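The values are calculated or read from the model by the stated rules, or taken from the named source; none is laboratory data. Just so we're clear, the structure is a prediction, and the values are computed from it rather than from any experiment. Quick reminder, even Gly has a Cβ in these numbers, built from the backbone with ideal geometry, and neighbours come from all protein chains shown.
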């Protein structure tokens, strides 16, 4: 039972996510009747699953929500912003109830129970009992209006009224067996009302051929009743074998049947079973159709067999039922679609397996140890000089690399699921702020390590809320500035040079450079007259406690959050860059590595120490030209390339060799050089975090273990490139200052 409950909770949370997404689509007029049916199915599935695991408190709450969704689906209540907000709150409450079930508790606590009662009271009073009218109701397509009250003598085709259509043909021997057709019609009137009856005499023979004891009559009946199809069919039980009976439901029932088909559990069923289950078909009608199908599939003699082969395979049961005029083609099509969806879902589930995250983490750890052990074996093989051993270890190394890539791929998930959660955040926050904001999501298919996706959620939340609160202006202010009153917030993700870029952009007022500078001087972060680039000014907002907002709101303004954003991103070995155009908007770009565990590295040596550079950052390697002892830049094919000497940076003792090399690296479109003594080749690297004592060390991103067992430091390319870039910018500022003084 614990296993069943765990599966139910997991699947129900997926259903809640789908329900929330569909409600938001309906509110923004991006949904249709299929979307509304999807909302109802999600609630219905959760309620059914809760009944299976015997969770009464979820069943009771979801049942009322389902009733409201049913009335909404049938057009009895109108879709409005207030109703969507209430249904979203109910969705959140169901999620909390799932948490109670997951914790093994017997029921919700007092506060949670009171919250649920309040939601149900609002739902019952305003929408279920009162059918609350809303002048701002959101438009949605309703069922087509009925047309002429036509009776089809054939008993087939579409019934376009709100009455049942009964096509009845009595057999000749009905009267001889003591049955009175008129008594059956009178009994039919006890379960409903015969709106219209047309007597069909097309079976009447000529007068001289007529048998007074035989029945030749038929009837086409328009019948209004709340009874179901099976109850109407039971009226004619005594003459069922001696008549031809076809019953088609009212036009309004057709949509109900289709909805019932769509809301059926995800069980494997045959087409006939689906139609019987929803009441669109009776057992007798199904049996008659199956008998006809079997008769067509089993020829009695050689002539019939040859004819059957010429005719092809027997007709599907759906076509037979439609030909017999016992079910509409629309219902057969809906049942076929349901069958297909169930089979596809079953096939997809059979291809998936749920694995606890801790088991996957354990696998990644073991693969990391395998990588280290493989490097040690390769080193020993190369020292042995045995070509066969070197070849064998080389093959092993390639297999280890393939296993590493496959294991890391298991942890890769699309970031779209994280992005989609912000639909609800943007909706609720915009309503709270009184703003009209559109969220545009692109690049949701971009994959990132699962652990990083989980940790990037909070920084993204801060950036999105700040963009809505500070960045995007109120509608009236946007209109005054010639902008659309509706603000635009963008979430985007893409791959770039072995990294993942996640962007949060808005078309608001942008960052106020002068206001940020004034606040920084006021707080003593910078000195008056200090020259800073735009990027350096914008980065000041990440200082602890920094805020330019005069009035504190519920969302932001206390100077808490942006420093946490940068710290959390840096803990993932990432960076955040800001670009802004005052009056037009801002863009925050978060750059993250693809994974935190294992990377391809390039090993270099300085003195007796080894260092590892992430291979994705390496562009090329060149020899350091002589005559650069006094410079920290070189000419790289007409381009100025600043570089950093690791020997000087880490104060490595000893004399530098006569020949040194420059490893050209790139980060975020900027190039820099790293001067080293030796180039030692590529190496699969397992990143080991450094202790807290090294948290202030600049230029070091972690450590690893080489095949020899020695520890090597992994260089932080981002920090080194930024250091070179800042030094180059300072040099440029100094040169410009000297030239200015010379000109004056």
Candidate set: the stretch 467-498, residues that are in contact with a helix residue (DSSP H, G or I) (Cβ under 7 Å, 6 or more places away or on another chain) and part of a helix (DSSP H, G or I); chosen: the one surrounded by the most Cβ atoms within 10 Å (Cβ to Cβ): 468
Some residue of the stretch 179-192 being modelled with pLDDT of 80 or more, touching a strand residue (DSSP E or B) at 6+ places or on another chain (Cβ under 6 Å) and not in a strand (DSSP E or B): yes
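Yes/no matrix, rows are residues, columns are (1) at pLDDT below 90; (2) under 30 Å from residue 537 (Cβ atoms); (3) crowded, with 18+ Cβ neighbours inside 10 Å; (4) out of contact with any strand residue (DSSP E or B) (no Cβ under 7 Å at 6 or more places or on another chain):
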residue: 581; (1), (2), (3), (4): yes, yes, no, yes
residue: 603; (1), (2), (3), (4): no, no, yes, no
residue: 621; (1), (2), (3), (4): no, no, no, no
residue: 640; (1), (2), (3), (4): yes, yes, no, no
residue: 667; (1), (2), (3), (4): yes, yes, yes, yes
residue: 671; (1), (2), (3), (4): yes, yes, yes, no
Count - residues of the stretch 436-454 that are at pLDDT below 90 and surrounded by 17 or more Cβ atoms within 10 Å (Cβ to Cβ): 7
Search result, residues across the stretch 343-367 that are surrounded by 11 or more Cβ atoms within 10 Å (Cβ to Cβ), modelled with pLDDT of 70 or more and under 21 Å from the mean Cα position of the chain (by Cα): 357
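Would you please name the residue that is nearest to the chain's Cα centre (by Cα), looking only at residues in the stretch 22-36 that are buried (at least 19 other Cβ atoms within 10 Å of the Cβ) and either part of a helix (DSSP H, G or I) or modelled with pLDDT of 85 or more (or both)? Write out each step before concluding.
Of all residues in the stretch 22-36, those buried (at least 19 other Cβ atoms within 10 Å of the Cβ) come to 22-24, 26-27, 31, 36.
Subset that is either part of a helix (DSSP H, G or I) or modelled with pLDDT of 85 or more (or both): 22-24, 26-27, 36.
On the way: 22: 11, 23: 14, 24: 13, 26: 17, 27: 18, 36: 18 Å.
Step by step, filter the stretch 22-36, then rank; the result is 22.
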Pairs, first closer than 16 Å to residue 53 by Cβ in the stretch 98-114, second part of a loop (DSSP other than H, G, I, E, B) and at pLDDT 85 or above, C-beta under 8 Å, six or more apart: 100/107; 100/108; 100/109; 101/55
Test: residue 645 is loosely packed, with under 15 Cβ neighbours inside 10 Å and free of Cβ contacts under 8 Å to residues at least 40 places away in the same chain: no
All positions within the stretch 174-219 that are farther than 14 Å from residue 239 by Cβ and touching a helix residue (DSSP H, G or I) at 6+ places or on another chain (Cβ under 9 Å): 191, 192, 194, 197
Tally, over the stretch 386-415, of residues that are crowded, with 18+ Cβ neighbours inside 10 Å and at pLDDT 85 or above: 3
Qualifying residue in the stretch 437-446 (condition: touching a strand residue (DSSP E or B) at 6+ places or on another chain (Cβ under 8 Å) and either free of Cβ contacts under 8 Å to residues at least 40 places away in the same chain or farther than 30 Å from residue 591 by Cβ (or both)): yes
Count of residues meeting criterion [in a strand (DSSP E or B) and more than 18 Å from residue 649 (Cβ to Cβ)] in the stretch 580-611: 15
Residue within the stretch 7-18 that is more than 29 Å from residue 114 (Cβ to Cβ) and touching a helix residue (DSSP H, G or I) at 6+ places or on another chain (Cβ under 7 Å) present: no
Among the candidates 58, 77, residue that is touching a helix residue (DSSP H, G or I) at 6+ places or on another chain (Cβ under 6 Å), buried (at least 18 other Cβ atoms within 10 Å of the Cβ) and in a loop (DSSP other than H, G, I, E, B): 77
The listed residue being modelled with pLDDT of 85 or more and touching a helix residue (DSSP H, G or I) at 6+ places or on another chain (Cβ under 7 Å), out of 501, 525, 590: 590
Conditions (1) out of contact with any helix residue (DSSP H, G or I) (no Cβ under 6 Å at 6 or more places or on another chain); (2) part of a strand (DSSP E or B); (3) under 14 Å from residue 502 (Cα atoms): number failed by residue 456: (2)
Test: residue in the stretch 85-93 that is over 27 Å from residue 439 (Cβ atoms), surrounded by 15 or more Cβ atoms within 10 Å (Cβ to Cβ), at pLDDT 80 or above and assigned by TED's automatic domain parsing to the domain that holds residue 12: no
